[in-house]
Amino acid sequence: MSIYPPYPPPLSPDQTAYLTNLIKEWSISHGLTVRPASSVIAAEHDQGQILATTAPITLFPSLFPLQCYHEALMLQTAYNELYMNVAKDEEWLGSVIEGLKDIDDFIAKLWDIHLTVKQEGYAQNLTLGLFRSDYMIHLDPTQSRPTPAIRQVEFNTIASSFGGLASRVSSLHRYLIQTAAYPREAAAVIRPDFLPSNASIESLANGLTKSHEAYRAYRNTNQPQRLMCIIFIVQENERNIYDQKHIEYALFAQARVKVFRLPFSKVLSSTKLDPNTRALLYSPPAFPDRAYEVSTVYFRAGYTPDDYTDESAWEARLYLERSAAVKCPSILTQLAGSKKVQQLLATPDSEDLTRFLPYPGLKSRIQRTFAPMYPMDNTPAGQEGKKLALDPESAKRFVLKPQREGGGNNIYRAKIPEFLKTIPEEKWAAYVLMEMIETPEQRNAVYRNGEVQEGGVICELGVYGTCLWSHGPLDLGEGAQVPPGGEESRGILLNEEAGTLLRTKGDKSEEGGVAAGFGAVDSVCLIDL
């Protein structure tokens, strides 16, 4: 079903060539880039990693209902507080993990790290969340003229990517309409005032800046005075490096904060802990005489079991969690983002949702964004979930999700019954069953690896949020200074909406991760329906 006007206009071969040439030149000039995939440029031909190429992007901004867009933005600070409260409630979160740890080794090992550090005593009460809540437009298939509404796909609490490139795509599409690069027919739909500004780079960098400043403010001034920095924990040979670099450069522009990129595999060999304060210290290989104290550890790795290739990787994660640096995120915050938590919060009349968001008006608006979800355990709801998942006909309306971040992990529709037959039933509880979101029909063209692909597309809106909070009383220490602003009475130092990301994939693709090779970065063209 389509709710949109005919769009985008068709392009002649000359118009396509003209538009893609503009996109290539603008993208390279403004850092809307990724390192090329090995399927495009073999690794042996780029051993110095000197090449970059245009990121997968759409030729046109995609249509998105205005009311739905503003509702998603308005709810972000409530979602920030919701997941902050989940992360702060160790007892409740522990009860959730208890049901997963015997069937999910990854979740179990993360929880064990928390318990180990808890026994020793946490050296840092502050936690930073750079979150992203992802939505699709849903049209109720039982209605003849359904009203579009947002439904949440997932809530990301670790390594919420593409904030750097998302802002650049918004600027690119605005540039293309302002320079009349599109056919005249496009002007009836795309106007500059229909293209919302997107300050995701500056907003995410501001969250890291606030964490850096809070660490310095609450730090005991009697400690040794050192140079200070933020560390980005990254994956080896990261293709999406430029997305991260935009945030790094904005940090320096905003507050002269020095950033170092540290591969997850080199944490133990490149850092050390102060034996008295557990301050995390880093000396760059190029300047071993410079000892930086790390204010914030920003994880752009560590969210998937693939990052933990051996026991030393788990030792590195424990090492970082023990440190006095602010973690983005902490172990508890990462676990709060599990699909099981999402399912429990989405349960109709959930007491858990009331527990963490005790505001009736906001709670009802949050509830309206939830898609029906079922556990796959032995509870009555779980038995219903199993029945729906095993029936080949009803399974066509669902997606089966594990407790994982990143693209490529979900099982869709008719594949669900056969997949469940391949794993022991006692492992099914590690999954949740979510009703598919029925999106409106829409078309666009995607530019990827030098080729243009046109056709039907599905769009997913991500709204970023920044939240900085304390898990307990703020330990000011001797000589510490309280930073201005915030809601210190509740331990909240920052809670803001922080820009948007629109990802677009072909309507025949079931996964949507750009970095995983399924989607493209897009921007919003608002439409009042």
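The values are calculated or read from the model by the stated rules, or taken from the named source; none is laboratory data. This structure is a prediction, so every number in the text was calculated from the model and none was measured. Cβ coordinates were reconstructed from backbone atoms using ideal geometry, including for glycine residues, and neighbour counts include every protein chain displayed. Only protein heavy atoms, including side chains, enter the accessible area calculation; ligands, DNA and RNA are left aside. Shrake-Rupley method; radii C 1.70, N 1.55, O 1.52, S 1.80 Å.
With every protein chain kept in place and ligands, DNA and RNA left out, what is the accessible area per residue of the chain? Probe 1.4 Å, answer in Å². Numbers along the way, then the final one.
Numbers: 22480 Å² over 529 residues.
In whole numbers, the chain has 42 Å² accessible per residue.
Averaging the inverse of every distinct alpha carbon separation and then flipping it gives the Kirkwood radius. What is it for the chain, in angstrom units? Let's see the in-between values first.
Details: mean 1/r = 0.0414 Å⁻¹.
By the Kirkwood definition, the hydrodynamic radius is 24.1 Å.
Taking the Cα centre of the stretch 66-179 as origin and charging only Cβ (+1 Lys, Arg; -1 Asp, Glu), how large is the dipole, in debye to the nearest 20? If you can, show how the numbers build up before the last one.
Details: 9 positive and 14 negative charges, 155 e Å.
That gives the stretch 66-179 a dipole magnitude of about 740 debye.
Looking at the chain, which longest stretch skips every one of the GluC sites (Glu not before Pro) that is in a DSSP loop with at most 11 other Cβ atoms within 10 Å, leaving the sites themselves out?
Numbers: sites that count: Glu236, Glu393, Glu478.
Here the longest segment lacking exposed loop sites spans 1-235.
Could you tally the net charge around Lys386, taking each other residue with its Cβ under 11 Å from the Cβ of Lys386, Lys/Arg +1 and Asp/Glu -1? Display every interim value, and only then the final one.
Details: positive: Lys387; negative: Asp377, Glu384, Asp391, Glu425.
Combined, the nearby Lys, Arg, Asp and Glu give -3.
Summarise the accessible area of the stretch 107-156 (1.4 Å probe, protein heavy atoms) by the percent that is carbon and sulfur.
On the way: 930 of 2030 Å².
That share works out to 46 percent.
Just want to confirm a number: the relative contact order over the chain, from Cα pairs under 8 angstrom separated by 6+ residues, in percent. Don't skip to the answer; put the middle values down first.
On the way: 1032 pairs, mean separation 140.3, N = 529.
Over the chain, the number comes to 27 percent.
Name the lysines eligible as straight-distance cross-link partners of Lys327: C-alpha to C-alpha under 18 Å, and not fewer than 8 places from it in the same chain.
Lys88, Lys109, Lys118, Lys210, Lys258, Lys266, Lys272
What is the total of Lys pairs in the stretch 350-426 with C-alpha atoms under 24 Å apart, excluding same-chain pairs fewer than 8 positions apart?
Qualifying lysine pairs in the stretch 350-426: 12.
Apply the Debye scattering formula to the stretch 171-301, with a single equal point scatterer on each alpha-carbon and no solvent, then give log10 I(q)/I(0) at q = 0.13, 0.19, 0.21, 0.23 Å⁻¹.
These q points yield log10 I(q)/I(0) values of -0.65, -1.09, -1.26, -1.40.
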